[in-house]
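The values are calculated or read from the model by the stated rules, or taken from the named source; none is laboratory data. Source: prediction; values computed, not measured. We place every Cβ from the backbone using ideal geometry, glycine too, and count neighbours over all the protein chains shown. All accessible areas refer to the heavy atoms of the entire protein, side chains included, with ligands and DNA or RNA removed. Shrake-Rupley method; radii C 1.70, N 1.55, O 1.52, S 1.80 Å.
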Amino acid sequence: MERRRADTEKLGGRAQVIRIDWQDAEVRIAFEPEDPLTPETVYDARWALELLGRARRRLEQEQAALGRTQAFCTLRPFLGDEGVRAGLSYEAAAQALNVGLPTLKTLIHRLRRRHTQFLREEVARTVINPNDVDAEVHALCEALVQAQGRVQA
């Protein structure tokens with residue numbers, strides 16, 4: 001008798017039985033919002049962040065080779081949403097670089113354009129057909145939008 005009781009406990013004899021009403025669960029799930037963050041979206045968003053990081057590193061190396069390290073460090077927040085997080089205004093950046101506001105805007109525009117060129121080159125390395133670069137960039141942007149900042153590189 002004692003042996004049977006011990007075996008019963010091993011097999012969950014004291015476990016509480018929970019009844020699941022599948023019909024009720026299906027109704028509740030139907031009202032749950034669908035999360036657009038699928039594993040594929042997470043992968044694509046992380047890949048997009050990786051490519052953006054590569055492009056940023058190439059830009060940083062280029063600027064350092066041209067002797068513009070200080071300017072790059074000041075302008076780097078304006079390449080993405082870091083400018084908002086850093087709280088750096090155009091006026092403060094212009095003052096830090098000792099340039100006027102129109103000149104600063106031109107510098108930021110050129111830096112962004114060069115960053116875009118490097119990003120497109122990085123994407124071009126990953127596709128077979130060079131004509132697919134635009135579609136791939138678009139797909140990666142879509143993945144980042146769907147991730148809503150919940151994915152880290």
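A search for C-beta distances below 8 Å between a residue of region 77-99 that is over 17 Å from residue 60 (Cα atoms) and modelled with pLDDT of 75 or more and any residue that is hydroxyl-bearing (Ser, Thr, Tyr) and open to solvent by 50 Å² or more (accessible area, probe 1.4 Å), counting only pairs 6+ apart in sequence or on different chains, returns 94/103.
Counting only residues that are aliphatic (A, V, I, L, M), farther than 30 Å from residue 70 by Cβ and either within 19 Å of the chain's Cα centre (by Cα) or at pLDDT 95 or above (or both), how many does region 101-127 have?
Count: 1.
Looking only at residues in region 124-141 that are without any contact (Cβ under 8 Å) to a residue 12 or more places away in the chain and in a helix (DSSP H, G or I), the one that is least open to solvent (accessible area, probe 1.4 Å) is 124.
Of all residues in region 96-111, which are outside any loop (DSSP other than H, G, I, E, B) and open to solvent by less than 100 Å² (accessible area, probe 1.4 Å)?
Answer for region 96-111, where residues must be outside any loop (DSSP other than H, G, I, E, B) and open to solvent by less than 100 Å² (accessible area, probe 1.4 Å): 96, 97, 101, 102, 103, 104, 106, 107, 108, 111.
Mind checking whether some residue in region 119-127 is hydrophobic (A, V, I, L, M, F, W, C) and farther than 27 Å from residue 38 by Cα? So far as region 119-127 goes, no, none of its residues is hydrophobic (A, V, I, L, M, F, W, C) and farther than 27 Å from residue 38 by Cα. Among the residues that make up region 74-83, is at least one of them small (Gly, Ala, Ser) and either exposed (fewer than 13 other Cβ atoms within 10 Å of the Cβ) or assigned to a helix (DSSP H, G or I) (or both)? Checked region 74-83: at least one residue is small (Gly, Ala, Ser) and either exposed (fewer than 13 other Cβ atoms within 10 Å of the Cβ) or assigned to a helix (DSSP H, G or I) (or both).
Only one entry in 68, 58, 76, 54 is among the basic types (Lys, Arg), at negative phi and over 25 Å from the mean Cα position of the chain (by Cα), namely 68.
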